[in-house]
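Structure, as structure tokens:
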Amino acid sequence: MPRRCSVCDHAARDEIDRALISGEPFRNIAERFAGLTAASIHRHRHGHLTAAVRHAREAEDVQRGATLLDQVRALHARTLRLLAKAEAEDDAPTALRALREARAGLELLAKLLGELDTAPTVTVSLGTEWASLRTAILRALEPFPDARSAVAQAIARSADAS
């Protein structure tokens, strides 16, 4: 019959689980609680606490993200208030700085909300290289008239589409 988990049976199990969830090292936890070893805590963490830890960390990440988003929104609102004040006072230099900050705040909000695609775009211009390559391909296909015709048509369609 398998042994019961010494951590699950421990009187301070809730406190041990909280320490595990917070990321405290196994050795430190074992030193604080009598009758436990780092190995027993490791087994408990991976055998009995894995789903709970994952959910706790996910909830913590969601909360951290929500807090960050709230902070960025609050900063953006403050920036807009400063912009309105600078415009009301006809302070163009301050208004321009506030506009720059407002734009940066909007950009950050859009990134955090996934509304701004920041993936780099790559444009490749083959120019004369493409003309040489196209000629080489069509010449190589001369012994295969059906294939050569199909490739030539595909190239023409591609050129028409762009």
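The values are calculated or read from the model by the stated rules, or taken from the named source; none is laboratory data. Keep in mind it's a predicted model, so treat the numbers as computed, not measured. For neighbour counting, all protein chains shown are included, and Cβ atoms are generated from backbone atoms with ideal geometry for every residue, glycine included.
Yes or no: the range 59-74 includes at least one residue that is under 30 Å from Ala11 (Cβ atoms), surrounded by 11 or more Cβ atoms within 10 Å (Cβ to Cβ) and either among the polar types (S, T, N, Q) or out of contact with any Lys or Arg (no Cβ under 9 Å at 6 or more places or on another chain) (or both). Yes, the range 59-74 contains at least one residue that is under 30 Å from Ala11 (Cβ atoms), surrounded by 11 or more Cβ atoms within 10 Å (Cβ to Cβ) and either among the polar types (S, T, N, Q) or out of contact with any Lys or Arg (no Cβ under 9 Å at 6 or more places or on another chain) (or both). Each residue in the range 93-151 was checked for being closer than 30 Å to Arg81 by Cα, among the polar types (S, T, N, Q) and within 23 Å of the chain's Cα centre (by Cα), and 1 of them qualify.
Scanning for something of a type in the set (D, E, K, R), outside the structural domain of Ala95 (by TED's automatic domain parsing), modelled with pLDDT of 80 or more and under 29 Å from the mean Cα position of the chain (by Cα), does the range 54-77 turn up at least one residue? There is no residue in the range 54-77 that is of a type in the set (D, E, K, R), outside the structural domain of Ala95 (by TED's automatic domain parsing), modelled with pLDDT of 80 or more and under 29 Å from the mean Cα position of the chain (by Cα). Answer with yes or no whether Leu75 is in contact (Cβ under 8 Å) with a residue 40 or more places away in the chain and hydrophobic (A, V, I, L, M, F, W, C). No; evaluated as a whole, the condition is false for this residue. Considering every residue within the range 102-123, establish whether at least one is under 29 Å from Ala77 (Cβ atoms), touching a helix residue (DSSP H, G or I) at 6+ places or on another chain (Cβ under 6 Å), without any contact (Cβ under 8 Å) to a residue 40 or more places away in the chain and small (Gly, Ala, Ser). Yes; the residues of the range 102-123 include at least one that is under 29 Å from Ala77 (Cβ atoms), touching a helix residue (DSSP H, G or I) at 6+ places or on another chain (Cβ under 6 Å), without any contact (Cβ under 8 Å) to a residue 40 or more places away in the chain and small (Gly, Ala, Ser).
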